[in-house]
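Okay, so here's the structure we're looking at.
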Amino acid sequence: MANAKASFTGESSRTPDQKRRLAATLALLAVTARRVLRFADKFDGWTPTLGGCHQNVDRWVESHPGHKAVRGWLDVSFLATPAARRFTAHSVVADENGDLFDVTLGSSDLECSFILHPGSDDDFRYYALTPGEHSLEHAPSA
C-alpha cells in the first residue's frame, strides 16, 4: 500500500537508514523549534478538515495571496517511549511578514513545537502523504 501511494507522489520509498537520519536530524533541530499560534478556531467561516493539515494549508494559501505553505514537523515526544523523541509531519502558514500560524489546530489543541523540514518539498511530501510514514521516532543510542 505504501508503494502505491509513493508512486502517486512520484517518490520512491525511503530506506530505514534515511528515516533514522531524518529522525536524528529532527531531534537535533528541536532546539530551533518554534511555537506556532493555533488559529483554526479564530477565523469566521473557516472550517479545517481534522487530520488534513496539508490540504487545509493549501486551501488557505489559495484564498490568501501573500501567504505561503510551510512544511515541517510537530514535536510530539509526549507520545514517544521514554527517552525517545517523536515527530509528526505537519503544515502551517506563513503570512506576508513570515509569521507562522496554524489553520488546522485550534486553541484547545495541545501545543507542540514546530520544526521546519530540513529537506526538499518532494522529500517532505513523501513523508506527509505516504501512509505509515508521517511519524518518525528517534531513540538515542545508549
>> Suppose we filter the range 51-79 for residues that are touching a residue at least 40 places away in the same chain (Cβ under 8 Å) and surrounded by fewer than 17 Cβ atoms within 10 Å (Cβ to Cβ); how many remain?
In response: 1
>> Can you find a residue that is in contact with a strand residue (DSSP E or B) (Cβ under 8 Å, 6 or more places away or on another chain), without any contact (Cβ under 8 Å) to a residue 60 or more places away in the chain and part of a helix (DSSP H, G or I) anywhere in the range 119-127?
In response: yes
> In the range 89-100, what residues are closer than 12 Å to residue 61 by Cα and either of a type in the set (Ser, Thr, Tyr) or not in a loop (DSSP other than H, G, I, E, B) (or both)?
Replying inline: 91, 92, 93, 94
> Which condition breaks for residue 91 when tested against (1) more than 27 Å from residue 138 (Cβ to Cβ); (2) surrounded by 20 or more Cβ atoms within 10 Å (Cβ to Cβ)?
Replying inline: (1)
> Considering 44, 99, 75, which residue is of a type in the set (D, E, K, R), in contact with a helix residue (DSSP H, G or I) (Cβ under 8 Å, 6 or more places away or on another chain) and farther than 25 Å from residue 12 by Cβ?
Replying inline: 75
> Can you pull out the residues in the range 36-88 that are assigned to a helix (DSSP H, G or I), modelled with pLDDT of 95 or more and not polar (S, T, N, Q)?
Replying inline: 53, 54, 57, 58, 59, 60, 61, 62
>> of a type outside the set (Val, Ile, Thr), within 19 Å of residue 51 (Cβ to Cβ) and within 12 Å of the chain's Cα centre (by Cα): which single residue out of 114, 78 fits that description?
In response: 114
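The values are calculated or read from the model by the stated rules, or taken from the named source; none is laboratory data. Not measured: the values here are computed from a predicted model. Counting neighbours? That spans all protein chains shown, and the Cβs are built from the backbone with ideal geometry, glycine included.
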